[in-house]
Amino acid sequence: MKTFNVPVIYRSPLITAIKNKRKQQDRMKKDFTPTVLDFGPLKILLARHFGFCYGVENAIEIAFRTVDENPDKRIFLLSEMIHNPHVNNDLLSRGVRFLMDTSGKQLVPWEELQPDDIVIVPAFGTTLEIEKHLESLGIEPLKYNTTCPFVERVWNKAEQIGEKNYTVIVHGKPKHEETRATFSHSQSNTATIVVKDMNEAIILGEYITGQRPAAEFAATFAGQFSTGFDVTRDLQRVGVVNQTTMLATETQAIADYIKNVMVEKYGLTEETIGERFADTRDTLCYATNDNQTAVTGMLQEPADLAVVVGGYNSSNTSHLVELCEEKLPTYFVSDPAQLESASSIHHYDFHHKQELHSNTFLPAKDQVTILLTSGASCPDALVEGVIRRFLSFYNLEHMADELYI
């Protein structure tokens, strides 16, 4: 796989050594057991896969190279480059400005842009409407494009099934930048609707079967369906794609549910299911799959707690937190400094969108075992920082320097 020129501040010699050793031992990526870092009173089980993915490294390389090569130009990002505050703040410190926030609220008026300004498309991609607007301002919209190739793969899949007259059902968070971009690209080819979870998929299934009156559809899915969507016409042939960072098990469950609804409504068989349900297969990116599977493997081991490192508005990171929460006390942190002491930690409750402070953190035991992972937009340097922070609570930080495997 291609390697990228990512700023050294995001790298970690320790984590690189660990990842390289695991890669040599398991070149086919079939072993999802964690890496065991045994420091005596502290044992850290590090997930098999975590940290920067292909799309994130690609985006960072393009963005920082653009800044370096254009010192005399104004440079804008449509919104956050990725969902990690450290990377975004580094770009802001170098003079880059965000045109919008993550919800799409305008921060810099379009009228301020000039034809010789540089506008970078973030890793999530952007909508066709924004591309056209940039063109109208004399700015080439995709000249500095960091859209993740795996996001573009979803757009291509949606286009393929749209051309065959299937309606596209997007499993994603309706307000997320990536889902907004996918929705825009898909609705240019075919009828499209977004469902955020299984509950909404079940409701959509009831519109497919006629259990719910079509007249209620617009209110139920307000803002989540394409212009001119006709419940009676557009739910006869469907296919499911997803935001690339969703929970794999939920996407599969939604696809299976919709497929079964079509089978029951139309009396389909395995031979005829394709008449009504497009086989899109999983459109999650490889890193989302690997990171979630690695967490599942990690959770097979006995542990006292889990720590997940990443941006609080990172979708892929929040799903790792969800998986860990099913089995263990889980702490979602964005920075090593949030681990104040062995008894004090600041962490994030993404369910209620609030930061919490816990005074009871590490249990008083002869050996504490911690599961540790990070999201696909989290620099490895932060994970090393968390490891060192834990070691400092036991006066063992020197052991990190002895751990280059």
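Cross-link check: pairs K19/K73; K21/K327; K2/K353 evaluated at a Cα-Cα cut-off of 31 Å; pairs beyond the cut-off: K19/K73; K2/K353. Taking every DSSP bridge with both residues inside the chain, close to 25 percent are antiparallel. What's the angle, to the nearest 10 degrees (0 to 90), between helix 380-393's Cα axis and the longest principal axis of the chain? It works out to around 40 degrees. Computed over protein heavy atoms with a 1.4 angstrom probe, the accessible surface ordering of M198, M28, largest first, is M28, M198.
Here the Debye sum runs over all C-alpha atoms of the chain as equal scatterers in vacuum, and log10 of I(q)/I(0) at q = 0.13 Å⁻¹ comes out as -1.13.
What are the semi-axes of the equivalent ellipsoid of the stretch 158-217, taken as the square roots of 5 times the eigenvalues of the Cα gyration tensor, listed largest first and rounded to whole Å?
20, 15, 9
Inter-part distance, the stretch 244-305 to the stretch 336-405, computed on C-alpha centroids, equals 32 Å.
The Cα trace of the stretch 146-296 gives Rg and Dmax of 14.6, 44 Å, the first to one decimal, the second as a whole number.
Rolling a 1.4 Å probe across the protein heavy atoms gives the chain an accessible surface of 44 Å² per residue.
Can you tell me how much longer the chain between Q211 and Q252 gets when fully stretched, taken as 0.36 nm per residue apart minus their C-alpha distance, in nm with one decimal?
12.4 nm
Relative contact order of the stretch 1-115, taken over Cα pairs closer than 8 Å and 6 or more residues apart, is 17 percent.
To put it simply, the accessible area of the stretch 264-359 at a 1.4 Å probe is 47 percent carbon and sulfur. Considering only K196, K353, K132, the Gaussian network model of the chain with Cα springs below 10 Å gives its largest mean-square fluctuation to K353. Once C-alpha pairs closer than 8 Å and six or more residues apart are averaged by separation and normalised to the residue number of the stretch 256-337, the relative contact order reads 25 percent.
Only protein heavy atoms count here; under a 1.4 Å probe, R11 has an accessible surface of about 90 Å².
Against the longest alpha carbon principal axis of the chain, how many degrees, from 0 to 90 and to the nearest 10, is the axis of helix 198-209 turned? It is inclined by approximately 10 degrees.
For the stretch 1-103, the Stokes-Einstein estimate of translational diffusion at 4 °C and a viscosity of 1.567 mPa s comes to 80 µm²/s, using the Kirkwood hydrodynamic radius over alpha-carbon pairs. The portion of the accessible surface of the stretch 38-183 made up by carbon and sulfur, rounded to a whole percent, is 48 (1.4 Å probe; DNA, RNA and ligands excluded).
The convex hull of the Cα atoms of the stretch 71-199, projected and averaged over all directions, covers 8.7 nm². Using only alpha-carbon positions in the stretch 51-109, the gyration tensor eigenvalues give semi-axes of 18, 16, 9 Å once each is multiplied by 5 and square-rooted (largest first). For the stretch 221-371, dividing the convex hull volume of the Cα atoms by the residue count gives 148 Å³ per residue.
State, as an integer percentage, the relative contact order of the chain based on alpha-carbon contacts under 8 Å between residues 6 or more apart.
Worked out over the chain, it gives 21 percent.
Close amide H pairs (under 5 Å, H built 1.01 Å from N) link T167 with R237, V238, G239, residues at least 5 positions away or on another chain.
The values are calculated or read from the model by the stated rules, or taken from the named source; none is laboratory data. All figures in this text were calculated on a predicted structure; none of them were measured in a lab. Areas reflect the complete protein model, heavy atoms only, side chains present, ligands, DNA and RNA absent. Shrake-Rupley method; radii C 1.70, N 1.55, O 1.52, S 1.80 Å.
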